[in-house]
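Peer 1: Here you go, one structure.
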């Protein structure tokens with residue numbers, strides 16, 4: 001999963017993004033699936049370019065399977081410099097002492113180097129939900145179970161405070177999906193995301209004439 005502020009040097013997830021054969025052609029609609037998945041389609045006024053397909057996953061106390069095979073450290077404001085070093089200096093505007101104080105982050109250290117981390121994007125006590133993400137391991141330390149460890153630690157801590165814990169993952173990100181399967185995350189529903197560009201009034205008129 002890409003980190004905020006850009007993809008850091010330690011991570012590069014390159015994949016082919018599927019293209020739609022045709023653009024939407026009617027006004028905004030809401031489609032609600034059987035899994036309570038809502039999809040807003042801005043049809044006619046907005047074009048979605050190079051979309052990619054993702055999954056929304058969820059875990060509960062009853063389905064969670066903790067798996068911690070490395071020592072973990074709860075990351076807070078005192079670890080800010082280490083966090084920025086891991087995620088890349090472009091993340092400096094995202095990671096702040098206030099964010100690390102507010103959110104739940106865990107990491108794995110090798111010596112003095114933070115080599116793997118995960119955390120929550122956002123949490124709401126009112127809605128009783130937390131969103132997990134920013135899972136990243138330095139290339140030299142991958143395939144050792146560290147991503148599973150930090151994600152497990154974050155998930156466990158989040159479930160102690162929130163009823164629902166969720167995350168998003170691209171369908172072509174097999175390594176990440178394997179981690180989430182291992183921890184008991186199940187697919188709540190699919191969704192599509194990508195950059196959207198508002199079409200001009202002239203383009204919308206021409207689209208209706210076709």
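The values are calculated or read from the model by the stated rules, or taken from the named source; none is laboratory data. The shown structure was predicted, so the numbers you read here are calculated from the model rather than taken from an experiment. Counting neighbours? That spans all protein chains shown, and the Cβs are built from the backbone with ideal geometry, glycine included.
Peer 1: Could you go through region 112-128 and let me know if any residue there is in a helix (DSSP H, G or I) and out of contact with any helix residue (DSSP H, G or I) (no Cβ under 8 Å at 6 or more places or on another chain).
Peer 2: Within region 112-128 (the criterion being in a helix (DSSP H, G or I) and out of contact with any helix residue (DSSP H, G or I) (no Cβ under 8 Å at 6 or more places or on another chain)), the answer is no, since none of the residues qualifies.
Peer 1: State whether the residues of region 76-86 include one that is surrounded by fewer than 16 Cβ atoms within 10 Å (Cβ to Cβ), in contact with a helix residue (DSSP H, G or I) (Cβ under 7 Å, 6 or more places away or on another chain) and outside any loop (DSSP other than H, G, I, E, B).
Peer 2: Looking for residues that are surrounded by fewer than 16 Cβ atoms within 10 Å (Cβ to Cβ), in contact with a helix residue (DSSP H, G or I) (Cβ under 7 Å, 6 or more places away or on another chain) and outside any loop (DSSP other than H, G, I, E, B), one finds at least one in region 76-86, hence yes.
Peer 1: Among the listed residues 76, 71, identify the single one that is free of Cβ contacts under 8 Å to residues at least 40 places away in the same chain and closer than 18 Å to residue 130 by Cα.
Peer 2: Values: 71 fails: closer than 18 Å to residue 130 by Cα.
Exactly one residue qualifies, and that residue is 76.
Peer 1: Within region 165-185, can one find any residue that is modelled with pLDDT under 95, part of a helix (DSSP H, G or I) and more than 16 Å from the chain's Cα centre (by Cα)?
Peer 2: No, the conditions are met nowhere in region 165-185.
Peer 1: On to the next question. Tally the residues that are touching a strand residue (DSSP E or B) at 6+ places or on another chain (Cβ under 6 Å) and surrounded by fewer than 20 Cβ atoms within 10 Å (Cβ to Cβ), restricting the search to region 110-122.
Peer 2: The qualifying residues number 2.
Peer 1: How many residues are farther than 19 Å from residue 120 by Cβ, without any contact (Cβ under 8 Å) to a residue 40 or more places away in the chain and either in contact with a helix residue (DSSP H, G or I) (Cβ under 9 Å, 6 or more places away or on another chain) or buried (at least 17 other Cβ atoms within 10 Å of the Cβ) (or both) when one looks only at region 142-186?
Peer 2: 4
Peer 1: Would you check if there is a residue in region 89-98 being within 24 Å of residue 160 (Cα to Cα), in contact with a strand residue (DSSP E or B) (Cβ under 8 Å, 6 or more places away or on another chain) and touching a residue at least 12 places away in the same chain (Cβ under 8 Å)?
Peer 2: No, the conditions are met nowhere in region 89-98.
Peer 1: Please go through region 57-72 and give me each residue that is surrounded by fewer than 17 Cβ atoms within 10 Å (Cβ to Cβ) and either more than 21 Å from the chain's Cα centre (by Cα) or outside any loop (DSSP other than H, G, I, E, B) (or both), ordered by number.
Peer 2: 62, 69, 71
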